1. Please go through region 25-42 and pick out each residue that is touching a Ser or Thr at 6+ places or on another chain (Cβ under 9 Å) and free of Cβ contacts under 8 Å to residues at least 40 places away in the same chain.
2. Could you pull out the residue among 38, 79 that is of a type in the set (D, E, K, R), touching a helix residue (DSSP H, G or I) at 6+ places or on another chain (Cβ under 7 Å), surrounded by fewer than 22 Cβ atoms within 10 Å (Cβ to Cβ) and closer than 16 Å to residue 180 by Cβ?
3. Might you let me know whether region 187-199 holds any residue that is on the phi < 0 side of the Ramachandran plot and touching a strand residue (DSSP E or B) at 6+ places or on another chain (Cβ under 6 Å)?
4. Residues that are more than 23 Å from residue 81 (Cα to Cα), at pLDDT below 95 and of a type in the set (A, V, I, L, M, F, W, C): does region 226-236 have at least one?
5. Of all residues in region 1-24, count the ones that are touching a Phe, Trp or Tyr at 6+ places or on another chain (Cβ under 8 Å), buried (at least 16 other Cβ atoms within 10 Å of the Cβ) and in contact (Cβ under 8 Å) with a residue 40 or more places away in the chain.
6. All but one of (1) open to solvent by 50 Å² or more (accessible area, probe 1.4 Å); (2) in contact with an Asp or Glu (Cβ under 8 Å, 6 or more places away or on another chain) hold for residue 49; which doesn't?
7. Just one of the numbered conditions (1) open to solvent by less than 40 Å² (accessible area, probe 1.4 Å); (2) outside any loop (DSSP other than H, G, I, E, B) is not true of residue 194; which one?
8. Hey, among 226, 186, which residue is within 10 Å of the ligand (Cβ to nearest atom), touching a residue at least 60 places away in the same chain (Cβ under 8 Å) and part of a helix (DSSP H, G or I)?
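The values are calculated or read from the model by the stated rules, or taken from the named source; none is laboratory data. Everything numeric here is computed off the predicted structure, so don't read it as measured data. When we count neighbours, we look across all protein chains shown, and the Cβ atoms used for this are built from the backbone with ideal geometry, even at glycine. The protein model used for the area step is the full one, side chains on, heavy atoms only, and it has no ligands, DNA or RNA in it. Shrake-Rupley method; radii C 1.70, N 1.55, O 1.52, S 1.80 Å.
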Amino acid sequence: MDILGTRIDLLNLQESMSRIFRAVASGKKLWIVTANPELIYRGAKDKKLQATISSADFILPDGIGVVWAAHLFGAEKVERVTGIDLTLKILEEGQQHRWRIFLLGSKPEIVKKAVYNLRQKYPAIDFAYHHGYFSPEEEPAVLEKIERFAPHILLVGLGAPKQEYWNAAYKGSAQIRMGVGGTIDVLSGEVKRAPQFFRAHNLEWLYRLVSQPARIRRQIVLPLYVCKVLKQRYFS
Ligand code: UDP
């Protein structure tokens with residue numbers, strides 16, 4: 001499926017998790033992008049970004065705006081696969097199979113807190129981490145830390161599109177590389193996920209807008225995305 005020039009792979013959460021599990025078991029490498037409307041819209045404007053993302057192994061539909069567009073283009077069964085939901089599945093699986101998981105991103109005290117929480121909850125997983133505010137000069141040392149740890153899973157929470165460029169550049173750093181946006185903030189408990197009511201009614205974007213009004217500048221892109229999708233569907 002193509003949405004504004006970005007390929008979207010219509011896998012659901014369970015299918016995505018099975019592919020990840022099989023890749024880890026067979027020693028294959030995977031790069032996963034969870035694409036929300038902001039990223040897709042940005043890609044439509046920035047061909048370099050779009051081309052970069054297109055070499056990911058899976059580009060998953062993250063957000064109700066992507067599910068809506070996929071339906072509009074004729075897909076029947078489409079489920080949202082968000083970075084946080086897939087991360088939680090990975091953690092469950094990692095606990096059973098004693099995976100090594102590296103968290104890259106977020107502020108120093110926040111990623112530390114996230115890993116502290118995760119170690120309590122998933123004691124069988126071997127965790128390592130680094131915050132996401134390093135300079136270009138520090139980048140080789142960060143990469144070396146990851147490569148030495150040789151993670152099964154690398155969760156990159158540097159925000160889009162920084163995390164996508166990181167994952168595109170450093171193919172060898174982990175078996176599974178996935179951009180997770182603000183997931184590390186949620187795992188730390190510092191940022192709350194939308195309550196079940198908002199999630200069940202596909203209103204996470206509204207919850208985020210109300211709880212973090214500073215994000216309005218980013219969300220302004222959503223109506224633009226809707227217009228562009230309608231244009232692709234009905235006028236091209
Ligand atoms: N971040 C980071 N390094 C940076 C810029 C951002 O580690 O140079 C982190 C930031 O602290 C936050 C995440 O990236 O944890 C981005 O979160 P956001 O909710 O904005 O994610 P998105 O909506 O872009 O997926």
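1. 35
2. Result: 38 is the single residue among 38, 79 that is of a type in the set (D, E, K, R), touching a helix residue (DSSP H, G or I) at 6+ places or on another chain (Cβ under 7 Å), surrounded by fewer than 22 Cβ atoms within 10 Å (Cβ to Cβ) and closer than 16 Å to residue 180 by Cβ.
3. no
4. Checking region 226-236: at least one residue is more than 23 Å from residue 81 (Cα to Cα), at pLDDT below 95 and of a type in the set (A, V, I, L, M, F, W, C).
5. 7
6. Among (1) open to solvent by 50 Å² or more (accessible area, probe 1.4 Å); (2) in contact with an Asp or Glu (Cβ under 8 Å, 6 or more places away or on another chain), residue 49 violates only (1).
7. (2)
8. 186
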